[in-house]
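Structure, as structure tokens:
The values are calculated or read from the model by the stated rules, or taken from the named source; none is laboratory data. As the structure is a computational prediction, the values presented were derived from the model and not from experiment. FYI the Cβ positions are ideal-geometry reconstructions off the backbone, even for glycines, and counts take in every protein chain you see.
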Amino acid sequence: MKSKLTLRLDEDLKERAEQLADRRGTTVSKIMEEHLRVLLHEETGRSEGKEADSMDSDARASESLNTVPSDLPPRTQRMLDEIGPATESLDLDEDTRAWVEAAHEKHK
């Protein structure tokens, strides 16, 4: 369930946040929510878990592994920029491929 929170910000900061949200095609609320999640995750060393639990298994299954959200936190976006896009084809030797397939079977 979503709840409303009122923030008091410097006018310049508010305008810059609105411009950022506009450039990213999102809202200031979504940006703030994601940053709070990151901060809380860093503080506790674990994720909340509620968001993932609320998504049903069909929705999770339909999401593409290579789909990247457009409103990633800056730290996550920098990391993604550094490592580059995911690749679908890996050049694995026979033993590694067998290990990956066994791990996949075990954890699906």
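Table: residues versus (1) out of contact with any Pro (no Cβ under 9 Å at 6 or more places or on another chain); (2) loosely packed, with under 11 Cβ neighbours inside 10 Å.
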residue: Met1; (1), (2): yes, yes
residue: Leu5; (1), (2): yes, yes
residue: Asp10; (1), (2): yes, yes
residue: Glu15; (1), (2): yes, no
residue: His35; (1), (2): no, no
residue: His41; (1), (2): yes, no
Practice task
Please go through region 1-42 and pick out each residue that is small (Gly, Ala, Ser) and touching a Leu at 6+ places or on another chain (Cβ under 8 Å).
Solution key: Ala17
Practice task
Please determine, by comparing only the residues of region 87-108 that are surrounded by 10 or more Cβ atoms within 10 Å (Cβ to Cβ) and small (Gly, Ala, Ser), which one is nearest to Glu34 (Cα to Cα).
Solution key: Ala103
Handout entry: Positions within region 60-92 being part of a loop (DSSP other than H, G, I, E, B) and at pLDDT 85 or above, in sequence order
Key = Pro73
